[in-house]
Every structure is written in C-alpha cells, then in structure tokens.
Amino acid sequence: MTKREKRKKIFYVPGMISLVLIPLVCFYHFYKVDAFKDERCIDINIPSDSIEIKNFLSLKRDYQVFNFQNSLDLERNNLNKLQFALRNLNRTNDTIKGIQIHLGKKMKYEVYIRILDIFIIEKMLLYTQYKDDFFVVMLPKPKPSNAEKIVPIVCGYWEANKDYFLEEERKAKLKYIISLYEKYWIVFLGYFGIVLINIFALVKFNKNQNYNQK
C-alpha cells in the first residue's frame, strides 16, 4: 500500500495579484474621471414682475410665515413644520390662510430644492415665487354642477406621469451604462484576456506539480 504524500497548497501569485490589482486600478480610474457621476437638473422658472404676479398677490390671506436662513441639516425641523402646514392647508382647502416662505440671504441652495420637493409631495399647485419669497394659497372649490366632468391633465407634473418618467429614467440609465462599455471596452477586454491567461497558467502549473509529485 503506497503512502499518500501530502501536497502543498498552490498559489499562483502573479495571476492572483493581477486579478485583484487591475480591477482596483480600473475603479480608481473611473472614480477620477467621474465615470459613475449621475448629473440631473430641475427646471426652475422665476417669473418677473407682471400682471399675473400682482393678481396673485392681491389675494388677501392671513399668511403663516416660514423663514429659512441656514443649511439643509439645520433647517430640517423647520422644513418638517412647513410640510405639515402645507398638508393641512391642502387637506382643509383653507381659503382664509396662506403660507409665505422667506428665502434668506444665507439659505443654502439645497434648502430651495427641498422646498420645491415638498410642493410636489404635498401636491401644492397654486404657488408663486416673488423676489425672495414663496406664496402659497388655496382657491375655493367650484360648486358641483350637472355638467359633464372634465378631468384636467397637468403637463409636466411628475406624479401625473409617473410611469412614463420612470420608464424614461430606466432607458436613460441603460443608455448610460452601454455608453460606458463602448467607451472603455478595451479595458474590459484586456481584463477578460488576463483572466483567461491566468486560468490557463494556473491549470498548467497544477498539471506540472501533479506530474512532478508522482
């Protein structure tokens, strides 16, 4: 009965280093060139002094004032109060009260974006910005009539076209990923080639070791 020899563990050091090091170098390169940076924009229209603004401001309301002067982290509590007040205003359709939001000189841009987000979340359709203030009001609901009901469509309103915008966003992400592959295809091809070479070398190295141990 032959004595079984204990084989040594085989480590193919150069290949393993390549398999680990090259992906790290690639990810570092992608990070430096902002390959994974996702840029977006929001359409903001600030109206100038016009007859529409004057007509809007002529609506008499008892305004509840919210003043923003800091960064998003420092204004979170105030933003939560604003969102609750807007939700209550919309729920009760209060045509006596309104909400005035003052944008301070030291307020950060991120707070401005968050305020716009809250308008969309709480479905506030009647608001306007005049200089450094937002004004939000409610109008009396029309009296019920026997006329045929007309369902309004708000163009550009995200919630009303949610499925469409999500599908467009999915297509845009897929297109962006494909563009990355097209731009850096030689890197992926090179890495795939190194993987094949290392697998081939490891198998050959194993066979030689097995042969020498017999």
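Scanning the range 79-90 for residues that are open to solvent by less than 40 Å² (accessible area, probe 1.4 Å) and under 13 Å from I115 (Cα atoms) yields L79, L82, Q83, A85, L86.
Screening R76 on (1) over 23 Å from M138 (Cβ atoms); (2) among the charged types (D, E, K, R); (3) crowded, with 18+ Cβ neighbours inside 10 Å shows it passes everything except condition (3). Assess whether I96 counts as being at pLDDT 70 or above and within 24 Å of K54 (Cβ to Cβ). Judged against the criteria, I96 is a match.
Just one of the listed residues (K173, K123) is open to solvent by 40 Å² or more (accessible area, probe 1.4 Å), modelled with pLDDT of 75 or more and in a loop (DSSP other than H, G, I, E, B), namely K123. Across the range 49-73, the qualifying residues are those that are out of contact with any Pro (no Cβ under 9 Å at 6 or more places or on another chain), of a type in the set (A, V, I, L, M, F, W, C) and not in a loop (DSSP other than H, G, I, E, B), and the one among them that is surrounded by the most Cβ atoms within 10 Å (Cβ to Cβ) is F68.
Among the residues of the range 45-74, those identified as at pLDDT 75 or above and among the acidic types (D, E) are D62, D73.
Within the range 91-119, being of a type in the set (A, V, I, L, M, F, W, C) and surrounded by 14 or more Cβ atoms within 10 Å (Cβ to Cβ) holds for I99, I101, L103, M107, V111, I115, L116, I118, F119.
The values are calculated or read from the model by the stated rules, or taken from the named source; none is laboratory data. Quick caveat, the model's predicted, so the values are computed rather than measured. Here the Cβ is made from the backbone with ideal geometry for all residues, glycine too, and neighbour counts use every protein chain on show. We work out accessible area using only protein heavy atoms, side chains counted, and drop any ligands, DNA or RNA first. Shrake-Rupley method; radii C 1.70, N 1.55, O 1.52, S 1.80 Å.
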